[in-house]
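First the structure, in the form of structure tokens, and then the observations on it.
The values are calculated or read from the model by the stated rules, or taken from the named source; none is laboratory data. A quick note: this is a predicted structure, and the numbers were derived from the prediction, not measured. Every residue, glycine among them, receives a Cβ derived from its backbone with ideal geometry; neighbour counts consider all protein chains shown.
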Protein chains: 2
Amino acid sequence: MQWELIGSGAALLTMFGFVPQIFKIYRTESVEDVSLLMLLQFFVGIFLWLLYGIHIQDKIVIVSNVVSFITLVVAIGLYFKYRKNRSRKEK
Amino acid sequence: MQWELIGSGAALLTMFGFVPQIFKIYRTESVEDVSLLMLLQFFVGIFLWLLYGIHIQDKIVIVSNVVSFITLVVAIGLYFKYRKNRSRKEK
């Protein structure tokens with residue numbers, strides 16, 4: 001039971017790990033210091049995890065990576081939306 | 001074999017996922033738009049994954065999360081090192 005809690009906590013914290021970054025981008029409308037390569041690397045990596053989860057038919061792997069994948073799509077979308085704000089901030 | 005490649009690719013891409021962000025912080029010396037909460041949430045989440053991996057004695061879970069944990073320690077260290085640069089950039 002204790003280990004189930006630790007495993008669930010680990011899964012929940014990491015699967016929603018990009019949510020604070022999403023809120024920060026939404027609030028500040030600025031992504032100058034955020035690494036697009038980081039977002040894209042996780043995007044591809046999580047997509048491969050998802051494929052792998054489907055292959056091994058593990059529901060926990062599938063669900064966690066679907067959630068992460070959605071947050072990454074949102075983060076990358078916001079990145080491109082606010083990328084143009086760079087020049088404004090440098091003034 | 002194909003699925004081993006997909007699983008390995010997934011593991012490699014995500015375990016080194018924060019490396020591009022680390023290089024970006026190192027290069028720009030700026031973390032204004034990076035969410036500290038994101039880094040801390042992954043830090044705790046990955047630590048719990050590591051404990052869980054040790055519990056289930058799964059080498060792949062242990063190794064991936066040790067690597068991620070080290071990159072998060074570096075990223076959080078750089079965050080606090082360059083946090084003070086905020087005012088400089090706003091000038």
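For region B:74-89, residues that are surrounded by fewer than 13 Cβ atoms within 10 Å (Cβ to Cβ) and either closer than 21 Å to A:Gly9 by Cβ or at pLDDT below 95 (or both) total 4.
The condition of being more than 14 Å from the chain's Cα centre (by Cα), part of a helix (DSSP H, G or I) and under 19 Å from A:Leu39 (Cα atoms) holds for only one of B:Ala75, B:Ala10, that being B:Ala10. The residue that is surrounded by the fewest Cβ atoms within 10 Å (Cβ to Cβ), counting only those in region A:10-54 that are of a type outside the set (A, V, I, L, M, F, W, C) and more than 7 Å from every other protein chain (Cβ to nearest Cβ), is A:Arg27.
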